[in-house]
Every structure is written in C-alpha cells, then in structure tokens.
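*Asks:* The structure under discussion is supplied below as structure tokens; questions concerning it will follow.
The values are calculated or read from the model by the stated rules, or taken from the named source; none is laboratory data. As the structure is a computational prediction, the values presented were derived from the model and not from experiment. Glycine also receives a Cβ, built like all others from the backbone with ideal geometry; neighbour counts cover every protein chain displayed.
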Amino acid sequence: MPMTVVKCSMPGCQRPATQKIAALWSDGGSAELKTYGYACSSHVDVALANARRRPRSRRLGLSESDGEIVAYPIQEAPSHQNST
C-alpha cells in the first residue's frame, strides 16, 4: 500500500508536512488531536501562529477539555511485513 504524503497547508506550498498543528481534545473518556493544519519545516511558526489566532468555534461540554494548539512532529509509520 502506498504511503500518503500530507502537504503543507500554507497557500502555494507543495512541500511535505513535517508537523501537524493540533490541540488535544478530550470528552473525559477518549481523546484525539483536533487538527488545525499541517506545516513543512519552513512554515511551522507561521502555521502555528495562524492556528492560534483562529477563534475556537464551539463551547465545551462539562466533561470536555481542549488543549493548547501546538506543533506535533509527523513521524513515518513503521513498515509492516507479512510473514507467511
């Protein structure tokens, strides 16, 4: 299966993303990263600043929490080999 390459979210940039711009969200029972964009190594600071300026659009429920928007490194998934 071919590997998916995520591109930088900055307009006009076609470089592969090295960072996921996201905030940790939780409902008390499960957690996930809420994605605000992706950035190549040249655009991490700008993409992060842009995401932090965006308004958070919804109110959180009593058991929900929404963390700080940060840059998470994108790591290449380990390759799996089938042994038969």
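*Asks:* Take Glu76 and decide whether it is surrounded by fewer than 11 Cβ atoms within 10 Å (Cβ to Cβ), at pLDDT below 95 and under 13 Å from Val6 (Cβ atoms).
*Replies:* Spelling it out, Glu76 is indeed surrounded by fewer than 11 Cβ atoms within 10 Å (Cβ to Cβ), at pLDDT below 95 and under 13 Å from Val6 (Cβ atoms).
*Asks:* Condition first: among the small types (Gly, Ala, Ser), touching a residue at least 40 places away in the same chain (Cβ under 8 Å) and under 14 Å from Pro73 (Cβ atoms). Now tell me which residues in the stretch 11-49 satisfy that.
*Replies:* Ala17, Ala22 - these are the residues of the stretch 11-49 that are among the small types (Gly, Ala, Ser), touching a residue at least 40 places away in the same chain (Cβ under 8 Å) and under 14 Å from Pro73 (Cβ atoms).
*Asks:* Does at least one position in the stretch 27-44 carry a residue that is of a type in the set (Gly, Ala, Ser), part of a helix (DSSP H, G or I) and out of contact with any helix residue (DSSP H, G or I) (no Cβ under 6 Å at 6 or more places or on another chain)?
*Replies:* No - not one qualifying residue is present in the stretch 27-44.
*Asks:* Right, here's the next one. Considering each residue of the stretch 45-64, count those that are under 17 Å from the mean Cα position of the chain (by Cα) and of a type in the set (S, T, N, Q), and give that number.
*Replies:* 1
*Asks:* Considering only residues that are touching a Ser or Thr at 6+ places or on another chain (Cβ under 7 Å) and at negative phi, look in the stretch 26-54 and name the one that is surrounded by the fewest Cβ atoms within 10 Å (Cβ to Cβ).
*Replies:* Ser41
*Asks:* Let me ask something else. Residues Gly12, Gly28: which one is over 30 Å from Leu62 (Cβ atoms) and small (Gly, Ala, Ser)?
*Replies:* None of the others qualify; the one that does is Gly12.
*Asks:* Still on this structure: Given the criterion assigned to a loop (DSSP other than H, G, I, E, B), free of Cβ contacts under 8 Å to residues at least 24 places away in the same chain and not aliphatic (A, V, I, L, M), identify the matching residue among Arg52, Arg59.
*Replies:* When all the criteria are applied, what remains is Arg59.
*Asks:* Looking only at the stretch 9-26, which residues are part of a loop (DSSP other than H, G, I, E, B) and among the aliphatic types (A, V, I, L, M)?
*Replies:* Scanning the stretch 9-26 gives Met10, Ala17.
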